[in-house]
1. Using θ = phi - 60° and the Karplus relation 6.51 cos²θ - 1.76 cosθ + 1.60, list the HN-Hα couplings for region 119-125 in order, rounded to whole Hz, with x at every Gly or Pro.
2. What list of ³J(HN,Hα) values in whole Hz, one per residue of region 85-93 in order, does the Karplus curve 6.51 cos²θ - 1.76 cosθ + 1.60 (θ = phi - 60°) give from phi, with Gly and Pro shown as x?
3. Please report the net charge: other residues with Cβ closer than 11 Å to the Cβ of I248, K and R +1, D and E -1.
4. For region 128-247, what is the relative contact order in percent, using Cα pairs closer than 8 Å and at least 6 residues apart in sequence?
5. So which residue, out of V165, V195, V216, gets the largest mean-square fluctuation from a GNM of the chain using Cα contacts under 10 Å as springs?
6. Quick check: net charge around E35, other residues with Cβ under 15 Å of its Cβ, Lys/Arg +1 and Asp/Glu -1?
7. Using a 1.4 Å probe over the heavy atoms of the protein chains, calculate the carbon and sulfur portion of the accessible area of region 85-126 as a whole percent.
8. Run the helix sum for the chain: -39,500 (n - 2.57) per DSSP H stretch of 4+ residues, divided by residue count, reported at 222 nm to the nearest 500 deg cm²/dmol.
Amino acid sequence: MRKQIAAANWKMNLTYQQGTTLLQDLVTADISLKENQSAVFAVPFPYLEMAIDTVHHKYNFFIAAQNCSDKKSGAFTGEVSAEMLNSIDINYCLVGHSERREYFNESNALLAGKVNICLANNITPVFCCGEALQTREDNKQNTFVEQQLRESLFHLSKDEILKIVIAYEPIWAIGTGKTASTEQAQEMHAHIRQVLKNQYGESIAEQISILYGGSVKAANAKEIFGSKDVDGGLVGGASLVATEFTAIIKALK
Ligand code: PGA
């Protein structure tokens with residue numbers, strides 16, 4: 001069975017104290033994950049070590065970075081490398097969130113480099129893709145997302161692609177309160193899996209987790225996660241409230 005993942009993306013929110021309290025509330029909540037389920041928390045860089053310490057005894061809770069550099073090391077003031085993340089036992093890193101693509105001009109080619117450097121440092125990239133509203137209105141979302149996958153992931157070998165988690169996040173649904181319908185999400189997830197199948201074969205495509213992101217909350221998580229090709233969610237706003245995110249974790253298949 002594919003891994004089912006509830007991933008929190010705190011973005012640039014919460015003070016250190018608020019973040020610590022939130023994680024403590026989550027580790028003490030009545031959550032017991034099954035073997036195929038994980039909860040992943042993408043927290044701001046200065047909170048990573050606190051977060052690792054807070055969740056380390058909790059079964060299948062993991063900490064992620066929200067970004068890393070595409071460069072190995074050196075004179076890149078303000079950047080954080082995948083090697084640094086690995087050196088403090090970070091297991092996951094978001095790659096190519098739409099906010100990074102939009103505000104920091106991250107291209108598909110640059111993101112291919114970030115994927116490579118994560119894998120070289122034993123970090124699972126959570127590769128984000130998804131179309132803007134105009135692209136969907138033009139009904140070009142399938143080819144758009146396919147191109148994102150092709151240009152950032154399809155240089156990978158079969159062994160490598162198996163280490164990737166994909167998050168489909170339609171930009172028009174992020175932070176807007178407007179979720180994709182269950183049908184829209186399932187349709188795109190099936191398309192992504194088909195594209196993976198064409199490139200890598202069925203058995204590999206069936207093993208890759210594809211998360212949905214965009215206004216997931218406690219009230220809609222169960223329905224969204226219930227679709228055949230949806231393997232959990234990447235959650236922004238609702239991950240900042242312990243009771244909300246607890247319910248989202250519990251909605252995993
Ligand atoms: P949202 O954000 O849940 O607040 O829509 C999702 C994301 O950007 O990962």
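1. Each residue of region 119-125 in turn: 4, 5, 10, 6, 10, 7, x Hz.
2. Values, residue by residue: 4, 4, 6, 10, 6, 7, 9, 9, 8 Hz.
3. Details: positive: K217, K222, K250; negative: E244.
Residues near I248 contribute +2 overall.
4. Details: 173 pairs, mean separation 30.6, N = 120.
Computed value for region 128-247: 26 percent relative contact order.
5. V195
6. Taking every other residue near E35 into account, the sum is +4.
7. Numbers: 790 of 1760 Å².
Carbon and sulfur together cover 45 percent of it.
8. Numbers: 12 runs with 108 residues, N = 253.
Computed ellipticity for the chain at 222 nm equals -12000 deg cm²/dmol.
The values are calculated or read from the model by the stated rules, or taken from the named source; none is laboratory data. Source: prediction; values computed, not measured. For neighbour counting, all protein chains shown are included, and Cβ atoms are generated from backbone atoms with ideal geometry for every residue, glycine included. The protein model used for the area step is the full one, side chains on, heavy atoms only, and it has no ligands, DNA or RNA in it. Shrake-Rupley method; radii C 1.70, N 1.55, O 1.52, S 1.80 Å.
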